[in-house]
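Just below is one structure, and these are the notes that go with it.
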Amino acid sequence: MPLHLPPAPAPALRSVLTALGSPTALREAPAALRSAHGPLAPDHPLPVHVWKDVRGASGPPRTRLAGWRFLVRSGERAAAAAEARLTADGWTFSHFCGGPYVTATEQALHQAETLAAPYQPRLLSVPELYMVTLWLHHDTASDGTDGLPDPGDLLVPLAPAPPGIAPHRPHRVADLLPRLTLRLTPPGPLLDSPAA
């Protein structure tokens, strides 16, 4: 089933296109992007939502839209990602990023395209766990900027995932969230052994 990509705000896309055409911005880009041959094109716009305060969560996570991330293609592969952020002056280019999350995002998107149900892909960042997931949202008509994870939505942790969380395995939100909150729960006090 094809994924339903939400359209990115036009100013966010323009800011990324401007950065891709800027030698100054590209000087700060990851090596894979600087050494790419041929034209660079932003692809697969994904709204980036952030879930903070996992520890204090009761009920579905409260997320906020933090930006839009585009995979930057050089030919058939993604060489990097580019992110635009909303500021007081509107959408602006934030940064290029490389590393394992770029290939993990591309892999998770290919994996999601094989699912039977239609989904809208988003990214969900969980800073407290140093974790990013591909969030497959059930509301394919949404503009991608709002909405809470529904218990039936799928989360696909990207590699590298935190210890004990298998990357690239789809989890229903209702199944994964308790595991995430448990990872942040401090262990109970150690009991002293009785004195001999």
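The values are calculated or read from the model by the stated rules, or taken from the named source; none is laboratory data. Predicted, not measured: the structure shown is a model, and the values here were computed from it. Backbone-built Cβ (ideal geometry, glycine too); neighbour counts: all protein chains shown. Please note that ligands, DNA and RNA were not included when accessible areas were found on the heavy atoms of the full protein model with its side chains. Shrake-Rupley method; radii C 1.70, N 1.55, O 1.52, S 1.80 Å.
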- Item | Of all residues in segment 1-23 being out of contact with any Pro (no Cβ under 9 Å at 6 or more places or on another chain) and surrounded by fewer than 12 Cβ atoms within 10 Å (Cβ to Cβ), the one that is nearest to W68 (Cα to Cα) | A10
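Let's see how each residue does on (1) modelled with pLDDT of 95 or more; (2) more than 17 Å from P45 (Cα to Cα); (3) assigned to a strand (DSSP E or B); (4) open to solvent by 30 Å² or more (accessible area, probe 1.4 Å):
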site	(1), (2), (3), (4)
R73	no, no, yes, yes
A78	no, no, yes, no
A116	no, yes, no, yes
W135	yes, no, yes, no
D139	no, no, no, yes
G144	no, no, no, no
P149	no, yes, no, no
- Task: Could you list, in sequence order, all residues of segment 126-155 that are among the aliphatic types (A, V, I, L, M) and out of contact with any Ser or Thr (no Cβ under 6 Å at 6 or more places or on another chain)?
- Result: V126, L129, M131, L134, L136, A141, L148, L154
- Query: What is the number of the single condition among (1) open to solvent by less than 40 Å² (accessible area, probe 1.4 Å); (2) part of a loop (DSSP other than H, G, I, E, B) that L123 does not meet?
  - Reply: (2)
- Message: With the requirement that a residue be touching a strand residue (DSSP E or B) at 6+ places or on another chain (Cβ under 8 Å) and of a type in the set (A, V, I, L, M, F, W, C), what does segment 27-52 give you?
- Response: A29, A32, L33, A36, L40, A41, L46, V48, V50, W51
- Message: Given (1) without any contact (Cβ under 8 Å) to a residue 12 or more places away in the chain; (2) in a loop (DSSP other than H, G, I, E, B), identify the lone condition not met by G38.
- Response: (1)
- Query: Looking at segment 53-67, is at least one residue open to solvent by 40 Å² or more (accessible area, probe 1.4 Å), in contact with a strand residue (DSSP E or B) (Cβ under 8 Å, 6 or more places away or on another chain) and part of a strand (DSSP E or B)?
  - Reply: yes
- Note on the structure: Expected output for segment 144-167 (first residue on the phi > 0 side of the Ramachandran plot, partner among the charged types (D, E, K, R) and open to solvent by less than 60 Å² (accessible area, probe 1.4 Å), Cβ below 8 Å, 6+ apart or cross-chain) is G144/R122
- Note on the structure: Across (1) under 23 Å from P127 (Cα atoms); (2) of a type in the set (A, V, I, L, M, F, W, C); (3) part of a strand (DSSP E or B), A29 clears everything bar (3)
